[in-house]
Amino acid sequence: FIINVFFSNKYSRIENEAQQQRMAIYKLETQTRYYEEKMRDEERIKEIYHDMKNHLLLLEEEWGEKNSTGIENLRKEMAQYENYYRTGNKFVDIILKDKLTKAAEYGIHIEDLVELIDIDFIEPLDLSTVFGNLLDNAIEACRLIEEPEKRQISISSKRERNLLIISIKNNRVCGNIKNAPKKVIHGYGLTNVTAAVHKYGGEIDIMEEEQEFAVNIVIPIKKGEEFT
């Protein structure tokens, strides 16, 4: 009886973990489709952006000071497309724009320096897994910090010879964090991030300190080689 109970509990735990993993993968796939659609929308918007600027100049000449408030509102609406991201990867551009908007809602400052030129060998789902999960974790951790000035995230990505190096660091609640959500302590989705990095022959290093959480990733760049 004891053996049956033991194996039954173990099976239930394994099945529960498998179900959570399936849900996490489904969430990532849904998120990837969302970013792909947003990327297409952004491309359509950029195509008409310059025409909109020209129309705005004509409106300024026609309206003059009669409707300065309306013109200023139009400028503000268009400003978000003035400095859109150019990381070298359109998919990551969309992810960063989305996450920085989310971070701004919580007063979180993100310092970013991301360069992904000629990194097309990484599939969109894996880019979403790595950048999406890690930034979500970082934002969630910073959100719990009471002092607004300490809500900071740093993300960088660069190519050094035949290596892609990604680094994401964030401040977190210092001292006793037993009451913090479990996903903040352990990093929800890190299993999927690790699997995505290993898929391309990369390595991931996770460092937890009292006031900082850091993830460093190194992925070899092998042109012309298929990853499965």
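Just so you know, all these numbers are worked out from the coordinates, no wet-lab data involved. Since the model is a prediction, treat every value here as computed from it, not as a measurement. Virtual Cβ from ideal backbone geometry, glycine too; neighbours counted across all protein chains shown.
Assorted remarks:
- Each residue of segment 137-142 was assigned a 3J(HN,Hα) from its phi angle through the Karplus curve 6.51 cos²θ - 1.76 cosθ + 1.60 (θ = phi - 60°); the sequence is 4, 5, 5, 4, 5, 5 Hz, with glycine and proline shown as x.
- Residues whose amide H comes within less than 5 Å of that of Glu212, counting only those at least five positions distant or on another chain, are Arg172 (H built at 1.01 Å from N in the peptide plane).
- Among the listed pairs Lys150/Lys222; Lys99/Lys222; Lys102/Lys222, those beyond 31 Å (Cα-Cα): Lys150/Lys222; Lys102/Lys222
- Amide H contacts under 5 Å for Val114: Ser157, restricted to partners 5 or more places along the chain or on a different chain, H placed in the peptide plane at 1.01 Å from N.
- Net charge of neighbours whose Cβ lies under 10 Å from the Cβ of Lys199, counting Lys and Arg as +1 and Asp and Glu as -1: -2
- Formal net charge of residues neighbouring Ile217 (Cβ-Cβ distance under 11 Å; K, R +1; D, E -1): -2
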